[in-house]
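Student: Got a structure for you, questions after.
Here, each number is a calculation from the coordinates, and none is a lab measurement. Because the structure is a prediction, the values reported are computed rather than measured. When we count neighbours, we look across all protein chains shown, and the Cβ atoms used for this are built from the backbone with ideal geometry, even at glycine.
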Amino acid sequence: MVDAPSDHSVASPDDIGGRPHELFSAARGLGKELWQDKPGFIGLLLLVALVLVAIFAPLIAPHDPAAQSLRERLLPPAWVLDGSWVHPLGTDNLGRDVLSRIMFGARVSLLVGTGVVVVAGGFGVFMGLLAGYFGGRTDSFIMRWVDTQVAFPGLLLALIILAVVGPSMTTVIVVLALNGWMVYARITRGVVLSVREEPYVEAAELVGCKPARVLYRHVLPNLTSPLLTLAILEFARIILAEAALSFLGLGVQPPATSWGLDVATGKEYMFRAWWLVTFPGLAIGIVVLAINLLASWARVTSDPQEREKRFARFMARRQAGAGTREAIAK
Amino acid sequence: MGRFMLKRLWHGLIVILGVTVIVFVVTRMVGDPVRVMLPLEATAEQRVAFEKRLGFDRSIPVQFAAYVGDLVRLDFGDSLWQRRPAMEIVFERLPLTLQLTAAGIILAIVLAIPLGIVAALRPGGLADRLTVTVSLLGLSVPQFWLGLLLIVVFAVQFRVLPTSGAASAKHIILPAVTLALPALARLVMLVRSSMIDELNQQYVKTASAKGMPFIRVVGMHALRNAAVPVVTLAGWELIRALAGYTVVVETVFAWPGLGLTAIQAIERQDLILLQAIVFTVAIMVVFINIAMDISYKMIDPRIRLA
């Protein structure tokens, strides 16, 4: 087993419960690995920036996102003729500041994304643990349910629910979570099935651990890395889904702001004011791209086979760069 | 084969039954359909008359039985919005959605296979990195926004294509491209990774070593083995497009198919039409799923149908 120079152990929950210096070195190892993967690093930077913007939106936004000013309607961005730095990205059809709206829109995207990942992930992991650990009838019932729901595209049911219950941010979170929990359940069940037969799980059962403790202390830690990658990818998918629902008028409702909603308003003025559609859409695209970059780093890092390949590439580069001296030293 | 078909049909029936129950529960018990469908200023007498007309004054089990009976006969009642049978509207709009979906998915598959192969021939090469980057971009950009950009570029700036509607053959180009792009991005990535895996297999080296032309090795051997995951994903893309992406794309391009009609039905609070659309698409999805399972068997004889 070759050991990559940057191959420190990934932080596992056991470390968290253990000695602080181990947690610290694990985090530093991860950070160093992330630094080596430039796209993933940039993705993380963009995400951190986004979270900061979302949290501090009321402090840093130049204007109130809902403040209308009919005299300043449809002002272009600052660098275009007639634009001014008072409204750096221009104003919309009601004279609202586009930049401020994007900053506040980030809150909605992050809130919906986090909410859905927590609700769908929590429920999915719970069901997956039940199915995988107890097996038998519980398993076949849950997995039949999962299969049935997976075979059926959720958007159709989402449309009915949204039509009856009425669109709002809560409805959006519930609807997206209802459609997204199955994939967590499947992955969790798969890992549990493979871990169940491990000696340490049997040992825990033999010494009399209750199922809840076995699942939480001994099974769940195995799920950290697959679930982490999945959650990141799902987060990106949900941001796109929320934007699409809001664009269709079925998501976040005015006066609240959402990137999708802003694109929908901008669509009416698309031919006169390109910036109304362009900037919110660009915001969605950049955020989702950042998440995807981070996710592809996380996938490679958490998969031992991919790590092996990456290590081989790293060694090949190093040998090509520094000649044979390094190879011999190794 | 016969047993397999029966089993799949049975599973499909369960899916449709599940949809029926959930739609029934959501529309009759979670929400108040009368309140959703009637205007706010409706009087109490109007409410009662409306409830009676749609049968909402009966008990829940009776309603459910009547509901299932209507479904079996594909009779959802008259659309509140257009005041004619909902299924009539569905059958009118369905061909447009099918055309758009077919155009988009065929476009995605036809482009994805050569692009994925070219990328896989030299992993890490220029073509590969370009393909991966563009696919990643394509997956990150929201589809509705992409559609709007295409309108601005091709319909407004260059004036070569119409902005919206479905009046001529030219009208399908932009919606089909928009529909195809995310599917294309995912398919390219999959064709690429499956081909990279297959090209590293021993049998590929053997075939090359015995002097088989490279084109034949790639096309006959590797591609055929890479096809199973690709067909699976293509089937999924078809379902996703039919029952999801068309709603967005049709709204952007005012393409008068089922997706746009569903959104209009929601705006006009026409639950009857919306249910008719949802059930029609649900039934189609179930059949596509069955067709997909059968097609694996044809491609890969190793898969036993059980």
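Student: Determine the relative contact order of the range A:101-303: mean sequence separation of Cα pairs under 8 Å and six or more apart, normalised by residue count, in whole percent. Before the final figure, lay out each step's value.
Tutor: On the way: 235 pairs, mean separation 55.5, N = 203.
Across the range A:101-303, relative contact order equals 27 percent.
Student: By how many nm would the segment from residue B:153 to residue B:214 lengthen if fully extended, with 0.36 nm per residue of separation less the alpha-carbon distance?
Tutor: Numbers: separation 61, 0.36 × 61 = 21.96 nm, distance 4.03 nm.
Computed gain between residue B:153 and residue B:214 is 17.9 nm.
Student: Below 13 angstrom from the Cβ of residue A:41, what's the summed charge of the other residues (Lys, Arg +1; Asp, Glu -1)?
Tutor: Details: positive: A:32, A:38; negative: A:33, A:37.
Net charge around residue A:41: 0.
Student: Using the Karplus curve 6.51 cos²θ - 1.76 cosθ + 1.60 with θ = phi - 60°, what ³J(HN,Hα) values do you get for each residue of the range A:129-146, in whole Hz, with x for Gly and Pro?
Tutor: Along the range A:129-146, the couplings run 5, 4, 4, x, 7, 8, x, x, 5, 4, 4, 5, 5, 5, 6, 4, 4, 4 Hz.
Student: So, one more: Which of the GluC sites (Glu not before Pro) found in the range B:1-68 are loop residues per DSSP with 14 or fewer other Cβ atoms within 10 Å of their Cβ? Kindly include the intermediate steps, with their values, before the conclusion.
Tutor: Working: sites: B:41, B:45, B:51; in loops: B:41.
Passing sites in the range B:1-68 are B:41.
Student: Could I ask something else about it? To the nearest whole number, what is the average tally of beta carbon atoms from other chains within 10 Å of the beta carbons of peptide A:142-155? Before the final figure, lay out each step's value.
Tutor: Values: counts 0, 0, 2, 1, 0, 3, 8, 3, 3, 12, 12, 11, 2, 11.
Mean number of neighbouring Cβ atoms from other chains: 5.
Student: Within the set of other residues whose C-beta is less than 15 Å from the C-beta of residue B:263, count the net charge using Lys and Arg as +1 and Asp and Glu as -1. It would help to have the intermediate numbers written out before the result.
Tutor: On the way: positive: A:267, B:93, B:268; negative: B:250, B:267, B:270.
Result for the neighbourhood of residue B:263: 0.
Student: Rank these for me by crowding, B:133, B:178, going from fewest to most other beta carbons within 10 Å. Kindly include the intermediate steps, with their values, before the conclusion.
Tutor: Values: B:133 11, B:178 25.
If I rank by nearby Cβ atoms, fewest first, I get B:133, B:178.
Student: Nearest 500 deg cm²/dmol is fine: what mean residue ellipticity at 222 nm does chain A get from its DSSP H runs of n ≥ 4 alone, each adding -39,500 (n - 2.57), divided by its residue count?
Tutor: Numbers: 14 runs with 233 residues, N = 330.
Value at 222 nm, helices only, nearest 500: -23500 deg cm²/dmol.
Student: Quickly work out the residue A:137-to-residue B:254 label distance, labels modelled 7 Å from Cα along the C-beta direction, and quote it in nm with one decimal.
Tutor: Result for the modelled spin labels: 5.8 nm.
Student: Between helix A:20-36 and chain A, what is the angle of the helix's C-alpha long axis to the longest principal axis, kept within 0 to 90° and rounded to the nearest 10?
Tutor: 60 degrees
Student: Among the lysines, which fall within straight-line cross-link reach of residue B:7, defined as a Cα-Cα distance under 18 Å, with same-chain neighbours fewer than 8 residues apart omitted?
Tutor: B:297
Student: May I ask you to list the trypsin sites (Lys or Arg not before Pro) in the range B:105-214 that are in a DSSP loop and have at most 14 other Cβ atoms within 10 Å of their Cβ? Each step should come with its number before you reach the end.
Tutor: Details: sites: B:129, B:159, B:170, B:186, B:192, B:205, B:210; in loops: B:159, B:210.
For trypsin sites (Lys or Arg not before Pro) across the range B:105-214 that sit outside H, G, I, E and B with at most 14 neighbouring Cβ atoms in 10 Å, the list reads B:159, B:210.
Student: Just order A:245-251, B:291-297, A:295-301, A:65-71 by mean Cβ neighbour count inside 10 Å, highest at the front, would you?
Tutor: Details: A:245-251: 25.6, B:291-297: 15.1, A:295-301: 20.7, A:65-71: 12.9.
Output ranking for A:245-251, B:291-297, A:295-301, A:65-71: A:245-251, A:295-301, B:291-297, A:65-71.
Student: With the contact rule set at Cα under 8 Å and sequence spacing of 6 or more, what percent relative contact order holds for chain B?
Tutor: Details: 306 pairs, mean separation 79.8, N = 306.
In percent, rounded to a whole number, it is 26.
Student: Turning to a different aspect of this structure: By how many degrees, between 0 and 90 and to the nearest 10, does the Cα long axis of helix B:44-54 differ from the longest principal axis of chain B?
Tutor: Tilt relative to chain B: about 50 degrees.
Student: What's the angle, to the nearest 10 degrees (0 to 90), between helix B:223-240's Cα axis and the longest principal axis of chain B?
Tutor: Taking the Cα atoms of chain B, the angle to B:223-240 is about 20 degrees.
Student: Under 24 Å between alpha carbons, and skipping anything fewer than 8 positions from residue A:267 in its own chain: which lysines qualify?
Tutor: Correct list for residue A:267: B:170.
Student: With label points built 7 Å along Cα→Cβ from the Cα atoms of residue B:57 and residue A:52, find their separation and express it in nm.
Tutor: Placing both labels 7 Å along Cα→Cβ, they lie 6.6 nm apart.
Student: Place a point 7 Å from the Cα of residue B:13 along the Cα-to-Cβ direction; which residues of the range B:252-283 have their backbone N under 17 Å from it?
Tutor: Within reach of a label on residue B:13, which here means backbone N under 17 Å from a point 7 Å along Cα→Cβ, the range B:252-283 contributes B:283.
Student: Between the alpha-carbon centers of the range B:131-187 and the range A:118-144, tell me the distance in whole angstrom.
Tutor: 39 Å
Student: List the lysines whose Cα lies under 29 Å from the Cα of residue A:38, skipping any in the same chain that are fewer than 8 positions away.
Tutor: Of all the lysines, those that pass the test against residue A:38 - Cα under 29 Å, at least 8 places apart if same chain - are A:309, A:330.
Student: How many angstrom lie between the C-alpha centres of the range B:193-231 and the range B:57-110?
Tutor: 44 Å
Student: Give the residue list of chymotrypsin sites (Phe, Trp or Tyr not before Pro) in the range A:76-155 that are DSSP loop and have at most 12 other beta-carbon atoms within 10 angstrom.
Tutor: Numbers: sites: A:79, A:85, A:104, A:123, A:126, A:133, A:134, A:141, A:145; in loops: A:79, A:85.
Those that pass, being in a loop and sparsely packed, are A:79, A:85.
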